[in-house]
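Notes for the one structure printed next.
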Amino acid sequence: MEVTGKVKVVNPEQQVSAAFKKRELVVTTDEQYPQHILIEFTQDKCDLLSSYKQGEAVKVSINLRGREWVNPQGETRYFNSIQGWRIERLAPEGPGQTPAMPAAEAFAPATNLNEDEPDDLPF
């Protein structure tokens, strides 16, 4: 799965235990109702976030993770997390850039059009 949007927050690395570290990224999606998605990068994937700054457009490859936990009273709870494993910069869309042209507009207009020639199209 993938999430695209702009970097809102890149948190510092957290050393959770002697053998486990994580780093959190918040991506704001670009849609009618933007969502702020918290994505965790763990262990060696923490270093992937080092060069990213707030406001950059990114595409993040993610996995959804779920786990079950039983508290001391015997009640079962479920937790979900979003784990990132790859991040890519997207090309910025600025006023100087034009979006990709549809295929129909990619051809130059005909200059040697002769209206007197018979139309041989079957429709």
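The values are calculated or read from the model by the stated rules, or taken from the named source; none is laboratory data. Owing to the predicted nature of the structure, the values given are computational and were not obtained by experimental measurement. A quick note on method: Cβ atoms are made from the backbone with ideal geometry, for glycine too, and the neighbour counts reach across all protein chains shown. We work out accessible area using only protein heavy atoms, side chains counted, and drop any ligands, DNA or RNA first. Shrake-Rupley method; radii C 1.70, N 1.55, O 1.52, S 1.80 Å.
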Among the trypsin sites (Lys or Arg not before Pro) within the stretch 1-80, which fall in a DSSP loop and have no more than 10 other Cβ atoms within 10 Å of their own Cβ?
Lys53
If N is the number of residues in the stretch 1-87, what value comes out of its Cα radius of gyration divided by 2.2 N^0.38 Å?
1.21
Taking only protein heavy atoms into account and a 1.4 Å probe, give the accessible area per residue of the stretch 1-87 in Å².
68 Å²
Charge context of Lys21, other residues only, Cβ under 13 angstrom, K/R +1, D/E -1:
-2
Calculate what fraction, in whole %, of the accessible area of the stretch 6-90 sits on carbon and sulfur atoms when a 1.4 Å probe is rolled over the protein chains.
48 percent
Among the lysines, which have Cα under 18 Å from the Cα of Lys59 when same-chain residues fewer than 8 positions away are ignored?
Lys6, Lys8, Lys45
